[in-house]
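Structure first, commentary second.
The values are calculated or read from the model by the stated rules, or taken from the named source; none is laboratory data. Source: prediction; values computed, not measured. Cβ placement follows ideal geometry from the backbone for every residue including glycine, while neighbour counts extend to all protein chains displayed.
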Amino acid sequence: MSKERTRIILGSGKDQSLKRFHPWVFSGAIKKINGIVNDGDIVDVYSNKDEYLGTGHYQDGSIAVRVFSFEQIEPDAAFWESKIQKAIDYRRQVGLLGQAHTNICRLIFAEGDGLPGLIVDFYNGTAVLQAHSIGMYRNRNEIAQALKKVLGDDLQAVYDKSSEALHKQENTGAANGFLLGNTGSGTEAIENNHRFLIDWENGQKTGFFIDQRDNRALLAKYSKGKKVLNTFCYTGGFSVYAGMAGATEVHSVDSSKKAIELTDQNMNLNGLTNHASFAMDTFEFLKDKNDLYDVIVLDPPAFAKHVNARHNAVMGYKRLNAEAISKIRPGGILFTFSCSQVVDRYLFTGAVTAAAIIAGRNVRILHHLTQPSDHPINIFHPEGEYLKGLVVYVE
C-alpha cells in the first residue's frame, strides 16, 4: 500500500455483516478510530481482532462507512476504471448498451455495482453523475476519467449533478456542471423507440426516471383501445407508452406545472394528440372521476425516506390506492407503485389489499413489478430493492 490510512476498529461481534459482504458500517458498530478522519476520507475497516474487513468512504452519520472494496487495494485510477469496466460489461451482457432502440441506461447503481453513494445515468452520449456521499463526490473527477476510458467514443460528456444530493451536507462546495465535454442542458434520447427530452440541468434526479422502463413497456400491452390515466406523471413516460400503443385517450396528472409542460412536450415529440394534461393534486383530480378510466397508473414519489415515517407512508398508499380502485371502470387495470425503500413489498401489498377492502371491489394480482436490470440488487445488500409494484385487475 502506498499510504497508511485511518483505521476504523469495530466492536466485538460487530463484524459479521461485513464478513457477509454487506457494504455498510453503522456508527454504533465502531469501537475506536485509529487516526484523524474527516467526511469523505478513504478508510480501512478492521475487526476487534485486527482482521481487515474492507475499504470505503467515511462520513459522520448513521452509516459511518460505505465500503467499496472488500480487498486491500489502492483506490487509484486503475481501481476506478476496473470497477466501472465491470459495471459497463454487465450492462452490455444484459443488452442495455449499444442498442439502436434505446440510448437511455443507468450505468452505475450505487451498492448494486459495488460503488455505494454513486449514481451515473447515460442519455444519448452524456453521462450524468450524482454523488450521494461526500467521498464519491471527492472522487468525481477520477470517476469521470474512468467513464471516458471505458466508454471511449460512446461518451461525449460527463455532467455532475451532485449539489441536490449533497445539499444537506456541509462544506462540499458542490456546484453542478460538466466534468468532461459539454452537451448543453439536455438532449433528446430514445427508450424502446419512444422519444424523450432529457433535461439533466433542471429536471428531477438526473432528468428522467429510468427505473420504470420495463414497467412502461408492460403498460403498453394493456393500453390499446383503452382510456388511460397517468398520475404523478413527471415527464409523461407512461403516457407516451400508452399513447404510442393505441390508447383512445390519455390523461396525465401532476401537481407540478413544470412536469406537465415536460409531459406535453414529450407527447408532442412522439406525434401524440389524444392527450390532455392537468396540473393538480391527484386526490383532487380523482374526486369526481367514477368509471372514466380503463387503466390507471399510480407512481407517486417516495412517501417515506426514513423508518420513522413508514407507518404514515403505508397509510398514504392505502388511501391513494383505495381512491383509484373505487374509481376505475369494472374490468380495469391498475398499475400501482412504491419507491419508498423502507416500505417492503409485503407492506406495500398489504396496503393495496386494505385499499381493495375499503373500496369494496374484488381485485386480482396480475403482475409483481420491480426495478429493471440496470438497477441491479446486490444479493448481499437487499436494501437496494426499492421499487416495487403491482398490476391488478379490478372487477
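Just to be sure, is HIS101 in contact with a strand residue (DSSP E or B) (Cβ under 9 Å, 6 or more places away or on another chain), under 26 Å from LYS205 (Cβ atoms) and assigned by TED's automatic domain parsing to the domain that holds LEU151?
Details: in contact with a strand residue (DSSP E or B) (Cβ under 9 Å, 6 or more places away or on another chain): yes; under 26 Å from LYS205 (Cβ atoms): yes; assigned by TED's automatic domain parsing to the domain that holds LEU151: yes.
So HIS101 fits the description; yes.
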* Taking only pairs six or more apart or across chains, which ones have beta-carbon atoms under 7 Å, a first residue in region 185-198 that is among the acidic types (Asp, Glu), and a second residue that is assigned to a strand (DSSP E or B)? -> GLU188/ARG195; GLU188/LEU197; GLU191/THR102; GLU191/ILE104
* **Subset of region 348-360 (residues that are touching a helix residue (DSSP H, G or I) at 6+ places or on another chain (Cβ under 8 Å) and surrounded by fewer than 19 Cβ atoms within 10 Å (Cβ to Cβ))** => GLY350, ALA354, ILE358, ALA359, GLY360
* Within region 245-290, tally of residues that are crowded, with 19+ Cβ neighbours inside 10 Å, of a type in the set (Ser, Thr, Tyr) and closer than 22 Å to ARG213 by Cβ -> 3
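Could you tell me which of the residues GLY40, GLY28, GLY54 is under 29 Å from ALA174 (Cα atoms) and assigned to a strand (DSSP E or B)? Walk me through it before giving the result.
Working: GLY40 fails: assigned to a strand (DSSP E or B); GLY28 fails: assigned to a strand (DSSP E or B).
Sole residue among the options that is under 29 Å from ALA174 (Cα atoms) and assigned to a strand (DSSP E or B): GLY54.
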* To do: Answer yes if at least one residue in region 241-254 is at pLDDT 95 or above, more than 28 Å from ASN321 (Cα to Cα), part of a loop (DSSP other than H, G, I, E, B) and touching a Gly at 6+ places or on another chain (Cβ under 8 Å), and no otherwise.
  => no
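Do we find a residue being among the aliphatic types (A, V, I, L, M) and farther than 28 Å from GLY112 by Cβ anywhere in region 201-224? Spell out how you get there, then give the answer.
Step one: of region 201-224, the residues among the aliphatic types (A, V, I, L, M) are 210, 217-220.
Then drop every residue that is not farther than 28 Å from GLY112 by Cβ, which leaves none.
No, region 201-224 contains no residue that is among the aliphatic types (A, V, I, L, M) and farther than 28 Å from GLY112 by Cβ.
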* Does GLN204 satisfy the criteria of being surrounded by fewer than 24 Cβ atoms within 10 Å (Cβ to Cβ), over 19 Å from ALA324 (Cα atoms) and touching a Gly at 6+ places or on another chain (Cβ under 9 Å)? -> no
* **Failed item in (1) part of a helix (DSSP H, G or I); (2) within 15 Å of GLY135 (Cα to Cα), with LEU18 passing the rest** => (2)
* Structure fact -> Here, helices (runs of 4 or more DSSP H) confined to region 258-376 with at least 2 residues that are modelled with pLDDT of 95 or more, touching a strand residue (DSSP E or B) at 6+ places or on another chain (Cβ under 8 Å) and within 17 Å of LEU390 (Cβ to Cβ) are 310-327, 345-359
* Asked: Only one residue in ILE42, ILE33, ILE8, ILE63 is in contact with a strand residue (DSSP E or B) (Cβ under 8 Å, 6 or more places away or on another chain) and farther than 21 Å from TYR137 by Cβ. Which one?
  -> ILE33
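Considering every residue within region 368-377, establish whether at least one is in contact with a Cys (Cβ under 7 Å, 6 or more places away or on another chain) and in contact (Cβ under 8 Å) with a residue 24 or more places away in the chain. So that I can check it myself, show each step before the final result.
Pass one, region 368-377, residues in contact with a Cys (Cβ under 7 Å, 6 or more places away or on another chain): 374.
If we keep only those that are in contact (Cβ under 8 Å) with a residue 24 or more places away in the chain as well, we get 374.
Yes, some residue in region 368-377 is in contact with a Cys (Cβ under 7 Å, 6 or more places away or on another chain) and in contact (Cβ under 8 Å) with a residue 24 or more places away in the chain.
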* Filter region 225-244 down to residues that are under 13 Å from GLU191 (Cβ atoms) and either β-branched (Val, Ile, Thr) or surrounded by fewer than 24 Cβ atoms within 10 Å (Cβ to Cβ) (or both) and give me whichever is farthest from the chain's Cα centre (by Cα). => MET244
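Return the residues of region 140-192 that are in a helix (DSSP H, G or I), within 21 Å of PHE208 (Cβ to Cβ) and of a type in the set (Gly, Ala, Ser); say none if nothing qualifies. Outline the logic, then answer.
Residues of region 140-192 that are in a helix (DSSP H, G or I), as a first pass: 140-154.
Retained after the next criterion (residues that are within 21 Å of PHE208 (Cβ to Cβ)): 140, 143-144, 147, 151, 154.
Residue satisfying the conditions is ALA144 alone.
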* Structure fact -> Here the residues within region 97-137 that are more than 15 Å from ASP160 (Cβ to Cβ), outside any strand (DSSP E or B) and out of contact with any Lys or Arg (no Cβ under 7 Å at 6 or more places or on another chain) are ALA100, HIS101, ASN103, ALA110, GLU111, GLY112, ASP113, ASN124, GLY125
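So that you can scan it fast, the table gives a plain yes or no per residue for (1) buried (at least 17 other Cβ atoms within 10 Å of the Cβ); (2) closer than 15 Å to GLY114 by Cβ:
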{"site": "ALA29", "(1), (2)": "yes, no"}
{"site": "LYS49", "(1), (2)": "no, no"}
{"site": "TYR52", "(1), (2)": "no, no"}
{"site": "TYR58", "(1), (2)": "yes, no"}
{"site": "PHE70", "(1), (2)": "yes, yes"}
{"site": "ALA77", "(1), (2)": "no, no"}
{"site": "ASP89", "(1), (2)": "no, yes"}
{"site": "LEU97", "(1), (2)": "yes, no"}
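Restrict the check to region 149-159 and report whether at least one residue is closer than 19 Å to ASN38 by Cα, crowded, with 23+ Cβ neighbours inside 10 Å and among the β-branched types (Val, Ile, Thr). Can you show your working first?
Initial filter on region 149-159 (closer than 19 Å to ASN38 by Cα): none.
No; the residues of region 149-159 include none that is closer than 19 Å to ASN38 by Cα, crowded, with 23+ Cβ neighbours inside 10 Å and among the β-branched types (Val, Ile, Thr).
Looking only at region 59-74, which residues are farther than 15 Å from ILE134 by Cβ and either modelled with pLDDT under 95 or over 26 Å from the mean Cα position of the chain (by Cα) (or both)? If you could, list the steps in order and put the result at the bottom.
Within region 59-74, the subset farther than 15 Å from ILE134 by Cβ is 67, 69-74.
Selection gives GLU71, GLN72, ILE73, GLU74.
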* Structure fact -> Scanning region 37-94 residue by residue, those farther than 24 Å from ALA146 by Cα and acidic (Asp, Glu) turn out to be ASP50, GLU51, ASP60
